[in-house]
Amino acid sequence: DLDQVIGRCRDLGVKILALVNIETLGETIPPAHSDAWNDYNQRVANLAQKIAAFYHGKINALEVFNEPDSNNFTPEDYAALLATVYPKVKSVSDVTVVLSGICCGLNHDYLKRVIELAPNSFDAVGWHPYALRVEGYPFSDWGMGELRDSIVRAREIAGWRPTRRPGV
């Protein structure tokens, strides 16, 4: 039973990220930029609101779809989805709403566009760093790029500026 698993995880101090995804809703996404998105977004928002209310105080974050950039969501359609889901979830819970895991930590243009279109529709950003090297590990030509470069670019998009500490 899911409630028992969540309770046990909470007892162990494990933070829980719930995912509202295509499979959660049980239907495929509409064609890009179609009028069907308004109704689809409402159905997703209603489901996310029910999950946030039911698990209020039991989950730490709610991610709105996983890797939309690799699942045929345009940035415009995904931003509209976030803008619909966010206020519905926040009306029943203070749970952190996560802008989905962006695939492979490389799709910076997608991330930037979603943030521009839906700037107040999420509390955090998921970032999947798999297939990225760490200072040339495991091999200098392995994977899709350097993790450090991906993080620096994502922080630039978010407007994050490092603070220098003495001696660092």
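The values are calculated or read from the model by the stated rules, or taken from the named source; none is laboratory data. Nothing here was measured: the structure is a model prediction, and the numbers come from that model. A quick note on method: Cβ atoms are made from the backbone with ideal geometry, for glycine too, and the neighbour counts reach across all protein chains shown. Just the protein is used for accessible areas: all its heavy atoms, side chains included, with ligands, DNA and RNA removed. Shrake-Rupley method; radii C 1.70, N 1.55, O 1.52, S 1.80 Å.
Computed quantities for the displayed model
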quantity	calculated
Neighbours by Cβ (under 7 Å, 6+ apart or cross-chain): first from the range 1-12, basic (Lys, Arg); second not in a helix (DSSP H, G or I)	10/58
Of all residues making up the range 71-112, the number that are surrounded by 18 or more Cβ atoms within 10 Å (Cβ to Cβ), among the polar types (S, T, N, Q) and assigned to a strand (DSSP E or B)	1
Test: residue in the range 24-43 that is over 16 Å from the mean Cα position of the chain (by Cα), open to solvent by 30 Å² or more (accessible area, probe 1.4 Å), of a type in the set (A, V, I, L, M, F, W, C) and at pLDDT 95 or above	yes
Which listed residue is modelled with pLDDT of 90 or more and over 30 Å from residue 148 (Cα atoms), from 84, 74	84
Residue in the range 62-70 that is part of a helix (DSSP H, G or I) and buried (at least 18 other Cβ atoms within 10 Å of the Cβ) present	yes
Condition met for residue 127 (aromatic (Phe, Trp, Tyr), modelled with pLDDT of 85 or more and closer than 22 Å to residue 70 by Cβ)	no
Hits in the range 7-21 (condition: within 26 Å of residue 71 (Cβ to Cβ) and open to solvent by less than 40 Å² (accessible area, probe 1.4 Å))	16, 18, 20, 21
